[in-house]
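One structure below.
The values are calculated or read from the model by the stated rules, or taken from the named source; none is laboratory data. All values derive from a computational prediction rather than experimental measurement. Here the Cβ is made from the backbone with ideal geometry for all residues, glycine too, and neighbour counts use every protein chain on show. The protein model used for the area step is the full one, side chains on, heavy atoms only, and it has no ligands, DNA or RNA in it. Shrake-Rupley method; radii C 1.70, N 1.55, O 1.52, S 1.80 Å.
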Amino acid sequence: EMCIRDSYVSESKIQKKDNLKQLASKLEVGDVVFIHVSVLPFEKISSTTESWTNHVGIVVDVSGDEPLIGESRVPFSGITTFSRFVSRSKAGRVEVKRMNETFDEQQKSNVLLSAKARSWILYDTGFNLYSKRQFCSRYVHEVLNEATGINVGEVQNFTTLLENNPKTDLKFWTIWYFGNIPWDRKTITPVSLLQSKQMTTLFDGRV
């Protein structure tokens, strides 16, 4: 298995491409891919949840030239290539998690179908688990649950999420929610997926 912990070794562009290709060849449908996007409010999501990651997608197809990733992104959810997905991550940091349970072919087909059914849905900047829109961790959570029956990640309300971290920038979130943080709103975060015991780390490093 490939596992690199916080490696900051300088590499050439050719070496980076080789590493990316090698990692891509290891991926399977249902693998969950975590990255760090360097824009607001994603940076605030990282600090609020005390985690390096703030965006997540799921491998939905490995039959082509490279794996395809399903994701909820701004402005619409959709499917993109693995290389484009990880190219958005700060300093190339990527973590890949694999489900402890092996999926059969029907479950893998269901993952792709569930992802396609969620394409072209507007991004939910309110991070509401029950809105008609989508956000990244909800998207992955729902695709896996619908396709396989497995629940990954922890549903929390904003009170638990924001008050558990004394470093939370409540001023930012108050402004983000136009002066009224929805404390009772249910949500699910990338880090709650990352910490799920339903999955094991396949790769953690830089590409």
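Some observations on this one:
- Of the residues making up segment 31-57, those that are at pLDDT 95 or above, out of contact with any Phe, Trp or Tyr (no Cβ under 8 Å at 6 or more places or on another chain) and under 19 Å from GLY153 (Cα atoms) are ASP31, VAL32, PHE34, TRP52.
Table: residues versus (1) among the acidic types (Asp, Glu); (2) in contact with a strand residue (DSSP E or B) (Cβ under 6 Å, 6 or more places away or on another chain).
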| position | (1), (2) |
| --- | --- |
| TRP52 | no, no |
| ILE58 | no, yes |
| ASP61 | yes, yes |
| ARG84 | no, no |
| SER87 | no, no |
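- Looking only at residues of segment 61-89 that are part of a loop (DSSP other than H, G, I, E, B) and either open to solvent by less than 20 Å² (accessible area, probe 1.4 Å) or without any contact (Cβ under 8 Å) to a residue 12 or more places away in the chain (or both), we find that the one that is nearest to GLN106 (Cα to Cα) is SER63.
- Test result for GLU101, open to solvent by less than 40 Å² (accessible area, probe 1.4 Å) and either touching a residue at least 60 places away in the same chain (Cβ under 8 Å) or touching a helix residue (DSSP H, G or I) at 6+ places or on another chain (Cβ under 6 Å) (or both): no
- Note on segment 109-207: enclosed strands (runs of 3 or more DSSP E) holding 2 or more residues that are open to solvent by 10 Å² or more (accessible area, probe 1.4 Å) are 155-157, 199-206.
- Single residue of segment 160-182 satisfying the filter (of a type in the set (Val, Ile, Thr) and more than 22 Å from the chain's Cα centre (by Cα)) that is nearest to ARG138 (Cα to Cα): ILE181
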